[in-house]
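A.B. asks: Got a structure for you, written out below as structure tokens; questions coming shortly.
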Amino acid sequence: MADKHHPHRGSRGYSPRKRAKSHIARFGTWPDSEGEPKLQGFAGYKAGMTHAFIRDYRKESTTTGQEVAIPVTILEVPPMKVIAVRLYRLTPYGLETLTEHWTTKLDKELERRIVPATHDRKAKLESVDLKDVEDVRVIAMTQPTLLTGLPKKVPDLMELRVGGTELQKRLDYAKSLLGKEVKVTDFVKEGEMIDVIAVTKGKGFQGSVKRWGHKLLMHKDSKHRRKVGAMGPWHPNQTMSTVPLTGQVGYHQRTEYNKRVLRIGEDGKEITPAGGFVRYGDVRNPWVMLHGTIPGPSKRLIRLREPVRFHGEAVGAVEVTYTSTASKQGA
């Protein structure tokens, strides 16, 4: 006799599973920040993974204080350039751009990406009423020309929120960064938590078993096993969105919450394995070591943000006793 209880097979989470609009991930929200003004985001490029030995910092772990081996991800994070300051006001329909001011020192590579406005909005920025300002952000660009493992010259542009308690200090801080380079240490310190958002590895058009993970049909099926048993009832006479069908797999925007920053270094030779990272090469710029895995393949643009869901305690710098630099080429 058939089982009456038959839930859906396969996860419906993260639906619809379609390709991301851009390789530059977008933040839907920013956390509130108190204290002195600072940048609440940064960006880098994924170099690869290795393993390291650390002194276990997790208080509730069974190996607290002991030396444990963990997987780590290495990001290459060359300095970013702040090229504009943007102010937002609050409307019944959400945030709306109030005004913005671009620096006059634009790199030549930006000609392939944007054509900034020719008129100067600096006067409006200076005379803006703070009562109308809801948020302060800067527009920053990456510098892929500094990387040897990335075959591109065109910078990636993105907004970074300037956090802080006082609005005037946040605005002054954003103005002070205009046209200058900012480093990852201006955003995060060793031992702190961050959120990672990126576009996952694309896998193209795939079948329903790989895409949704539902059960294979029995071997007596007259046609195929890797298909859906039934497309749905006669009424309603349409295929519902809950039916696991074929389609795009991968290249989805995903967010990883609460990733621990283990180390931040300046010399890439300290972390580059023998022969370089697979499909990436050598790290020659400042780098960040994260605990665990993150979305995306090597060379993917990775965006970092202050955590929005972290409620734990700060642990300070983590003691990393050993980092593997053995060859990852399979030799």
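The values are calculated or read from the model by the stated rules, or taken from the named source; none is laboratory data. Note that the structure is a prediction, hence the values are computed from the model and not measured. Positions of Cβ are generated from backbone atoms using ideal geometry, with glycine treated the same way; all protein chains shown enter the neighbour counts.
A.B. asks: May I ask you to list the residues in the stretch 25-74 that are exposed (fewer than 12 other Cβ atoms within 10 Å of the Cβ) and among the hydrophobic types (A, V, I, L, M, F, W, C)?
C.D. replies: Listed by number, the list holds a single entry, A69.
A.B. asks: Mind listing whichever residues of the stretch 207-247 are surrounded by fewer than 17 Cβ atoms within 10 Å (Cβ to Cβ) and polar (S, T, N, Q)?
C.D. replies: Selection gives S222, N237, Q238, T239, S241, T242, T246.
A.B. asks: Every residue in the stretch 222-251 that is hydrophobic (A, V, I, L, M, F, W, C) and closer than 21 Å to K203 by Cβ, please.
C.D. replies: Answer for the stretch 222-251, where residues must be hydrophobic (A, V, I, L, M, F, W, C) and closer than 21 Å to K203 by Cβ: V228, V243, L245, V249.
A.B. asks: Is it true that some residue in the stretch 200-209 is touching a residue at least 24 places away in the same chain (Cβ under 8 Å), part of a loop (DSSP other than H, G, I, E, B) and at positive phi?
C.D. replies: Looking through the stretch 200-209, none of the residues is touching a residue at least 24 places away in the same chain (Cβ under 8 Å), part of a loop (DSSP other than H, G, I, E, B) and at positive phi.
A.B. asks: If you don't mind, there's one more thing I want to ask. Which one of these is within 30 Å of S33 (Cβ to Cβ) and of a type in the set (G, A, S): A326, A274, A317? Talk me through it step by step, then tell me what you get.
C.D. replies: On the way: A326 fails: within 30 Å of S33 (Cβ to Cβ); A274 fails: within 30 Å of S33 (Cβ to Cβ).
Unique residue meeting the criteria: A317.
A.B. asks: If you take the residues in the stretch 204-226 that are at pLDDT 90 or above and among the charged types (D, E, K, R), which one is nearest to G28 (Cα to Cα)?
C.D. replies: Filtering the stretch 204-226 for residues that are at pLDDT 90 or above and among the charged types (D, E, K, R), the one nearest to G28 (Cα to Cα) comes out as R211.
A.B. asks: Given the criteria touching a residue at least 40 places away in the same chain (Cβ under 8 Å), of a type in the set (V, I, T) and either under 24 Å from D195 (Cβ atoms) or in a loop (DSSP other than H, G, I, E, B) (or both), does T321 qualify?
C.D. replies: Details: touching a residue at least 40 places away in the same chain (Cβ under 8 Å): yes; of a type in the set (V, I, T): yes; either under 24 Å from D195 (Cβ atoms) or in a loop (DSSP other than H, G, I, E, B) (or both): no.
In short, no.
A.B. asks: Then there is this: Answer yes or no: is there a residue in the stretch 248-261 that is surrounded by 13 or more Cβ atoms within 10 Å (Cβ to Cβ), more than 18 Å from E76 (Cβ to Cβ), in contact with a helix residue (DSSP H, G or I) (Cβ under 7 Å, 6 or more places away or on another chain) and at pLDDT 90 or above.
C.D. replies: Yes, the stretch 248-261 contains at least one residue that is surrounded by 13 or more Cβ atoms within 10 Å (Cβ to Cβ), more than 18 Å from E76 (Cβ to Cβ), in contact with a helix residue (DSSP H, G or I) (Cβ under 7 Å, 6 or more places away or on another chain) and at pLDDT 90 or above.
A.B. asks: In the stretch 73-120, what residues are more than 23 Å from G41 (Cβ to Cβ) and either modelled with pLDDT under 90 or in a loop (DSSP other than H, G, I, E, B) (or both)?
C.D. replies: Residues satisfying the conditions are P92, Y93, T104, K108, E111, R112, V115, A117, T118, H119, D120.
A.B. asks: Which residue is surrounded by the most Cβ atoms within 10 Å (Cβ to Cβ), if the candidates are limited to the stretch 176-203 and must be in contact with a His (Cβ under 8 Å, 6 or more places away or on another chain) and at pLDDT 95 or above?
C.D. replies: V199
Conditions tested, residue by residue: (1) touching a residue at least 60 places away in the same chain (Cβ under 8 Å); (2) touching a helix residue (DSSP H, G or I) at 6+ places or on another chain (Cβ under 8 Å); (3) of a type in the set (A, V, I, L, M, F, W, C).
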site	(1), (2), (3)
T104	yes, no, no
I114	no, no, yes
E192	yes, no, no
H214	yes, yes, no
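A.B. asks: If you check S127 against the conditions, is it out of contact with any strand residue (DSSP E or B) (no Cβ under 8 Å at 6 or more places or on another chain), among the small types (G, A, S) and surrounded by 17 or more Cβ atoms within 10 Å (Cβ to Cβ)?
C.D. replies: no
A.B. asks: Among the residues of the stretch 152-171, which ones are farther than 21 Å from P31 by Cβ, surrounded by fewer than 19 Cβ atoms within 10 Å (Cβ to Cβ) and touching a residue at least 12 places away in the same chain (Cβ under 8 Å)?
C.D. replies: K153, V154, L157 - these are the residues of the stretch 152-171 that are farther than 21 Å from P31 by Cβ, surrounded by fewer than 19 Cβ atoms within 10 Å (Cβ to Cβ) and touching a residue at least 12 places away in the same chain (Cβ under 8 Å).
A.B. asks: Whether any residue in the stretch 158-176 is in a loop (DSSP other than H, G, I, E, B), touching a helix residue (DSSP H, G or I) at 6+ places or on another chain (Cβ under 8 Å) and within 28 Å of I114 (Cα to Cα) is what I want to check.
C.D. replies: Step one: filter the stretch 158-176 for residues in a loop (DSSP other than H, G, I, E, B), giving 164-166.
Of the ones still in play, those that are also touching a helix residue (DSSP H, G or I) at 6+ places or on another chain (Cβ under 8 Å) are 164.
Imposing the further condition that a residue be within 28 Å of I114 (Cα to Cα) reduces the set to none.
For the stretch 158-176, residues in a loop (DSSP other than H, G, I, E, B), touching a helix residue (DSSP H, G or I) at 6+ places or on another chain (Cβ under 8 Å) and within 28 Å of I114 (Cα to Cα): absent.
A.B. asks: Which one is nearest to L157 (Cα to Cα) among residues in the stretch 284-318 that are among the charged types (D, E, K, R) and surrounded by 13 or more Cβ atoms within 10 Å (Cβ to Cβ)?
C.D. replies: Here the residue is R303.
A.B. asks: I'd like the full set of residues that are touching a residue at least 60 places away in the same chain (Cβ under 8 Å) and surrounded by fewer than 20 Cβ atoms within 10 Å (Cβ to Cβ), limited to the stretch 269-278.
C.D. replies: G276, V278 - these are the residues of the stretch 269-278 that are touching a residue at least 60 places away in the same chain (Cβ under 8 Å) and surrounded by fewer than 20 Cβ atoms within 10 Å (Cβ to Cβ).
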